[in-house]
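First comes the structure, then the notes that go with it.
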Amino acid sequence: MSVLRERVTWVWLGLVVLTCVTTWGLSKDLFSPTVAVVGIFLIAAVKVRYVMLDFQELRYAPIPVRAAFEVWPWAVAGIILGFWFAAPAIM
Amino acid sequence: MAIHAEPPTVTPARGLAPYPTDYRSWKILAWTGPVFLFAVFCLWGILADNMPPFPASATPVEVKEHFQEMRPRLLIALSICLTMTAFYMSFCVATARVMERIEGPGGILSKLEMMGGTITCAPVMTTMSIWLTAAHEVNNLSPEIMHMLYWFGWFTFDLAYFVTSFQIAAISIVFMRDKREKKLVPNAVSWWGWITFASFFVVSAIPFVTTGPLAFHGVISFWIAFFTWFIWIPALSYYIIKAIPRLQAEDAAAGRLND
Amino acid sequence: MGVVTTEQVKPRRLPGVEGIWVFIGADSVIFAILFLSFMQDRLKNPALFEASRHTLNMNLGGLDTVILLTSSWSVALAVQAMKRDQIDREPRLLLGGAVTGLMFVVSKSFEYFQKFSHGLNPGTNAFYMWYFTLTGIHLVHVVVGTSLLTYLWVRSLRGTYDHLHRAVPESVASYWHLVDLLWVVLFPLLYLMRAV
């Protein structure tokens, strides 16, 4: 069984790439704060979703449970971004 | 190979009441749990305005003013709460008896539960008494003494949590071991008990902070730590109350009712 | 005669013991409440939060994320091995999970030590209170998870787990992935979230 052909390996690879994009890409000053922050948290929500679906195997869970958990990353990202936009600009 | 005589009945002794049981009193005691919870919520929570509590960052003068403003409400709420805390003890006795039916009579975890739950009453009653005294005497006391009494109450109320932790752990362990196909208390409640157990530890931070999430009025030390318990207790009470007629039916089916 | 299809029709299930999902769900909701509370406090003083954020080590935080993701990957592979009765593959994958968990603990400890030696502690200001509290509670989760993974590793050496006996490892794995995904949110929240 080749590890490279496992779905979880491809998911892991994708997650690591996305981590690099947010940590060493979007966080740089060449992106405006809005683009950076919105991008970073949307990516975080996508990452959480894949951890839930493919690591926690929620893809094969009973639908109501899967649905409830799938709401979480988007609710969290929404709350965080909502408050972020509400915060006044600092001088 | 049998090395002792066969028991007189065929049914396993551990699962049934080995002594006559007063199901009605048992059920009444189980109901004192929700009654206690309702009383605390209405009196301490709403009437005494503790959701959230007056902040840990309040100065002595602010504390004294708060107690002066709230004096009549506090005298009513705290005195009744103090007396009614005994209902938590009676609930715990009822719960211990349900646990014995899983663990066996005289089981150590049911004893731990009963002790843990009953002793929980001590810090609660003491705290109510401290704040009641503070409210009663507010016009005779300096702001510094008022501040001290306020904190005295919170330390007593919050930091004795581990007696309650023992109670919760004993309950969760026993009810998760229930071999009935439909457990007397569902696993979800037991797992929520573990969440409650875990949520108490952070409260140990209260001596060190007066603002932020870990202060005694903060998101973690108050809202999360108190509400995990506030959700656990009604859920547990519901199943404890429902368990008694179930156990009575089991006794009846085995011909063990004390008529 | 039923029609034979090449597609597997598996009944939907939750991995591990059912009760662990009550725990995971509750923990997720509690952390969401904490994230909200953090953002509320940040709203009161965004400048303070931004200035304090700059003292955090983004590279270390990013590395920590990769460490936990790798740990989850290893544990997920271990569970797969159990399903396929590949008993000899399990130990090294579980050990991989435990070792990477330990690496996270070491990294975090180093980070805390650095902060303390610069005179920064939970009492310094509201941001640091949140930073230490959130990462601290998360760290406790990591320590518990790493201990459980170590326990699983030891038992897997004796061939305890296979496709019929995997409820406990699956439960631990599901919990461990929660620990991972919580950090996926915590890291940008504390380290990357720039102010306007």
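The values are calculated or read from the model by the stated rules, or taken from the named source; none is laboratory data. All of these numbers come straight from a predicted model, not from anything done at the bench. Every residue, glycine among them, receives a Cβ derived from its backbone with ideal geometry; neighbour counts consider all protein chains shown. In case anyone asks, the SASA skips ligands and DNA or RNA and just uses the protein heavy atoms, side chains included. Shrake-Rupley method; radii C 1.70, N 1.55, O 1.52, S 1.80 Å.
Only protein heavy atoms count here, probed at 1.4 Å, and on that basis chains A and C bury about 4600 Å² of accessible area in total.
For the cross-link pairs B:179/C:10; A:28/C:108; B:27/B:183, the ones whose C-alpha atoms lie over 26 Å apart are B:179/C:10.
Across B:51, B:114, B:99, mean-square fluctuation computed from a Gaussian network of chain B (C-alpha pairs under 10 Å connected) peaks at B:51. Taking all protein chains together and rolling a 1.4 Å probe, residue B:200 ends up with roughly 20 Å² accessible. Here chain B has 69 percent of its accessible surface on carbon and sulfur atoms, given a 1.4 Å probe and all protein chains in place. Among the listed pairs B:111/B:182; B:64/C:115; A:47/B:182; C:44/C:115, those with a Cα-Cα distance over 28 Å are B:64/C:115; A:47/B:182.
Computed from Cα positions, the angle between helix B:86-103 and the longest principal axis of chain B comes to roughly 30 degrees. The relative contact order of segment A:5-91 comes to 28 percent, based on Cα pairs under 8 Å that sit 6 or more residues apart. Entry note, chain C: the mean residue ellipticity at 222 nm calculated from DSSP H runs of n ≥ 4, each adding -39500 (n - 2.57), is -25500 deg cm²/dmol after division by the residues and rounding to the nearest 500. The listed residues A:60, A:50, once ranked by accessible area (1.4 Å probe) with the largest placed first, stand as A:60, A:50. Listed by number, the DSSP H helices of chain C that run 18 Å or longer by alpha-carbon position along their axis and have mean Kyte hydropathy of at least 0.0 are C:18-44, C:58-83, C:90-117, C:126-157, C:167-187.
Each label was represented as a point 7 Å from its Cα along the Cα-to-Cβ direction; for residue C:63 and residue C:165 these points are 4.0 nm apart. How charged is the neighbourhood of residue C:64? Take every other residue with its Cβ under 15 Å from the Cβ of residue C:64, and add Lys/Arg as +1 and Asp/Glu as -1. Combined, the nearby Lys, Arg, Asp and Glu give +1. Taking a straight line from the alpha carbon of residue C:83, these aspartates and glutamates sit under 19 Å away, with near neighbours fewer than eight places off in the same chain left out: A:6, A:54, A:57, C:7, C:18, C:162, C:170.
When only Cα pairs below 8 angstrom with a gap of at least 6 residues are kept, chain C shows a relative contact order of 35 percent.
Placing dummy labels 7 Å off each Cα toward the beta-carbon, the span from residue B:22 to residue C:13 is 4.9 nm. Compute the angle between helix B:187-200 and the longest alpha-carbon principal axis of chain B, please, reported from 0 to 90 degrees and rounded to the nearest 10. Taking the Cα atoms of chain B, the angle to B:187-200 is about 30 degrees. Helical content alone sets the calculated 222 nm signal of chain A at -21500 deg cm²/dmol, taking -39,500 (n - 2.57) per DSSP H segment of four or more residues and averaging over every residue. Each label was represented as a point 7 Å from its Cα along the Cα-to-Cβ direction; for residue B:182 and residue C:121 these points are 5.6 nm apart. At the residue level, residue B:183 shows approximately 50 square angstrom of accessible surface with a 1.4 angstrom probe and all protein chains present. First compute the accessible area of segment C:1-95 with a 1.4 Å probe, then give the percent of it belonging to carbon and sulfur atoms. Heavy-atom surface of segment C:1-95 belonging to carbon and sulfur, 1.4 Å probe: 60 percent. The local environment of residue B:238, defined by Cβ-Cβ distances under 14 Å, has a net charge of +4 under the rule Lys, Arg +1 and Asp, Glu -1. Take residue B:246: with every protein chain present and a 1.4 Å probe, its accessible area is about 70 Å².
Between A:72, A:24, A:12, the GNM of chain A built on Cα springs shorter than 10 angstrom shows A:24 fluctuating the most. All other residues whose Cβ lies under 11 angstrom from that of residue B:111 are scored, Lys and Arg at +1 and Asp and Glu at -1, for a net of -3. GNM remark for chain C: springs join alpha carbons under 10 Å apart, and the peak mean-square fluctuation among C:122, C:91, C:11 falls on C:11.
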